[in-house]
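Chemist: To start, I am sharing the structure in question, which I have written as structure tokens.
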Amino acid sequence: MVFRYLYGAAALVQVGIAASAGATPIGPPPLACTNNTCQGSIYELTYSGSPLSTTATTQTFAISLTINPTGYNGGGAYINAVAPKVSSAENSVTLASAPGVLTSWTTMNGGINGGGCTMAGSGFVCAEDEHPPSKIPLGDAPVPTATSYVWVFDITVPTGGLTPSSGSIKVEYTSISGSKVGALISEPITLEGCSGTLIVGSRRGWAYPTRS
């Protein structure tokens with residue numbers, strides 16, 4: 001799926017769409033942002049469709065969180081932590097890819113508070129950028145910027161536990177010194193299966209939507 005957005009003085013216009021499974025990004029108007037915490041960025045949550053692997057009691061899915069911060073207006077310098085929720089409970093999580101240096105990101109179960117990732121929040125998984133901004137200017141995911149960032153989590157959930165219609169995301173933006181800036185992004189979001197214009201990832205051979 002390809003999204004291109006033009007930021008105008010009064011509206012955000014979507015142009016140039018490829019076929020998709022009906023993915024539902026959230027963000028500034030004309031997109032929806034239920035809790036009004038999107039701060040100008042566009043967020044989308046997709047998954048691999050079929051499980052990457054299964055056991056007698058679990059399924060593992062590739063969950064992709066995409067953030068387009070072109071229109072970010074919250075005053076922060078970079079994205080410090082992201083936390084999607086795709087199930088009421090998760091067994092384990094691995095971060096498969098992330099902006100900048102993958103090993104700079106620490107992954108754990110739980111959501112986000114004012115200090116970054118926490119070990120609290122059933123169903124949430126979190127990735128936090130632990131790389132000092134002094135070593136990579138503005139961290140691994142500087143904002144605003146005319147590009148999209150993608151985090152891919154391999155999340156293992158109880159069989160049948162994926163909840164596409166009731167996903168959630170939390171995102172923390174911080175200053176160059178690492179202090180939280182603005183409200184935490186905390187929004188409901190629909191988890192969508194991937195289809196449309198696809199790139200085949202070299203990691204596992206699964207396909208995911210392109211963005212521009």
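Chemist: Count the net charge of all other residues whose Cβ sits under 13 Å from the Cβ of GLU128, scoring Lys and Arg as +1 and Asp and Glu as -1.
Modeler: Here the charged neighbours net out to -2.
Chemist: Could you give the length gained on full extension between ALA120 and THR24, defined as 0.36 nm per residue of separation minus the Cα-Cα distance, in nm?
Modeler: Between ALA120 and THR24, full extension yields an extra 31.9 nm.
Chemist: Length gain on complete extension for the stretch VAL101 to ILE176, per 0.36 nm per residue less the alpha carbon to alpha carbon distance?
Modeler: Separation in residues times 0.36 nm, less the Cα-Cα distance, equals 25.3 nm.
Chemist: Could you list which residues have their amide H under 5 Å from that of GLY193, counting only those 5 or more apart in sequence or on another chain, with H placed in the peptide plane?
Modeler: HN-HN under 5 Å from GLY193: TYR47.
Chemist: A further question on this structure: Considering amide H positions built from the backbone, and no H for Pro or chain starts, which residues 5 or more places from GLU130, or on another chain, come under 5 Å of its amide H?
Modeler: HN-HN under 5 Å from GLU130: TRP105, THR106.
Chemist: So what J values fall out for the stretch 85-99 if you push phi through Karplus, 6.51 cos²θ - 1.76 cosθ + 1.60 with θ = phi - 60°, rounded to Hz, Gly and Pro as x?
Modeler: Each residue's phi maps through the Karplus curve to give 10, 10, 7, 6, 8, 10, 8, 6, 8, 10, 8, 8, 7, 6, x Hz.
Chemist: Which residues' amide hydrogens lie under 5 Å from the amide hydrogen of ILE63, considering only partners 5 or more residues apart or on another chain, with H built in the peptide plane?
Modeler: Result for ILE63 returns PHE153, ASP154, ILE155.
Bear in mind these aren't lab numbers, they're just calculated from the coordinates by the rules spelled out. Just so it is clear, the model here is predicted, and its values are computed rather than measured. Note that each Cβ is placed from the backbone with ideal geometry, even for glycine, and that neighbours are counted across all protein chains shown.
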